[in-house]
Amino acid sequence: MLMLRITAFWPLTLQLMTDSPSPHKDDFLFPRSKYWGEFSPQRLAFNANLQEFAQRISFVCNLETGGKMSPLEAYEEIKHLWKQLKESKANLLDQDSSPPQQP
């Protein structure tokens, strides 16, 4: 099975063997899981966006729980993130499932 790693918002950084053996901090803060679904580039990209959405929602919830963000700010941020995910779905998945148009 072909495995690709798509990073939607952060550039992929490679560590050399001479670097420290500890994992890169972005891999710790923004972990990615493998995609096991039916493969298409659009589905893979949407999966990466969905994982990022979940990670950011978790951050917002933790900031609000810790008192670093007001409930209203957290709500607005989650609403904004949801709109971005809906746009991603519309751009990536809805085009894939639309019936072909005949001339």
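None of the figures in this text is laboratory data; all of them are computed from the coordinates on show. Just so it is clear, the structure is predicted and the values come from calculations on it, not from any experiment. Cβ coordinates were reconstructed from backbone atoms using ideal geometry, including for glycine residues, and neighbour counts include every protein chain displayed.
A compact table of results
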read-out: Leading residue at positive end of dipole, the stretch 39-93 (Cβ point charges), from H80, S40, A90; value: S40
read-out: Semi-axis lengths (Å, descending) of the ellipsoid that matches the C-alpha gyration tensor of the stretch 39-93; value: 26, 11, 4
read-out: Cβ-Cβ FRET estimate between R43 and T65, R0 fixed at 30 Å, reported to 0.05; value: 0.40
